[in-house]
Amino acid sequence: MANSILNASETEAAVAALIDASRAVGHHGGYLECAQHVEEAFGQEFDVSHCSVTDQADATLARAKRVYDHLSLTMMDLVTEALKHDD
């Protein structure tokens, strides 16, 4: 009962997607930063196309944030509705 009120599965999925997307953005940024250091050290361009994370990581993170920010918790809707009444 409590899980259905709190939308536990929806919340869990949104949080998992947010964590995965955040890690991907961090990995991509770290890879690009390392590539830059290699280029500076060796004086030649480093091929960053080998990175397993695409440039779409930022867009994926933005989508995951929007989903998370717009989660609706049924329990909070019930509380808000109850507070509108004096009894």
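Here, each number is a calculation from the coordinates, and none is a lab measurement. Please read all numbers here as calculations on a predicted model, not as lab measurements. Because the Cβ atoms are built from the backbone with ideal geometry, glycine has one as well, and the counts that use them run over all protein chains shown.
Excluding Ala62 itself, what net charge comes from residues whose Cβ is under 13 Å from its Cβ, given Lys and Arg +1 and Asp and Glu -1?
Values: positive: Arg63, Lys65, Arg66; negative: Asp55, Asp58, Asp69.
After counting each charged neighbour, the total is 0.
Read through the labelled values [x] 13.2; [y] 20.7; [z] 16.0 and report the label of the one computed as Kirkwood radius over Cα pairs in Å from the structure.
Derived directly from the coordinates: [z].
Within 10 Å, count the other beta carbons around each residue, average over each peptide in 33-43, 19-29, 63-73, and list them highest first.
Numbers: 33-43: 11.1, 19-29: 15.5, 63-73: 13.0.
With the highest mean Cβ count within 10 Å placed first, the list reads 19-29, 63-73, 33-43.
Quick check: net charge around Ser22, other residues with Cβ under 13 Å of its Cβ, Lys/Arg +1 and Asp/Glu -1?
Working: positive: Arg23, Arg63, Lys65; negative: Asp20, Asp58.
Neighbour charge sum, excluding Ser22 itself: +1.
For a Förster distance of 25 Å, can you work out the FRET efficiency between the beta-carbons of Val67 and Phe46, rounded to the nearest 0.05? It would help to have the intermediate numbers written out before the result.
Numbers: r = 34 Å, r/R0 = 1.38.
Calculated transfer efficiency: 0.15.
Mean Kyte-Doolittle of at least 0.5 and a Cα length of 15 Å or more along the axis: which whole DSSP H helices of the chain meet both? Provide the component values of the computation, followed by the final result.
On the way: long enough: 8-42 (51 Å, 0.08); 57-69 (18 Å, -0.52).
Span-like helices, by this rule, are absent here.
Once the dipole of the chain is set up with Lys and Arg at +1 and Asp and Glu at -1 on Cβ about the Cα centre, which of Thr60, Ala24, Ala13 lies farthest towards its positive end?
Positive-most Cα among the choices belongs to Ala13.
With charges only on Cβ, +1 for K and R and -1 for D and E, what is the dipole size of the chain about its Cα centre, in debye, rounded to 20? Walk me through the intermediate numbers first.
Numbers: 5 positive and 15 negative charges, 35 e Å.
For this selection, approximately 160 debye.
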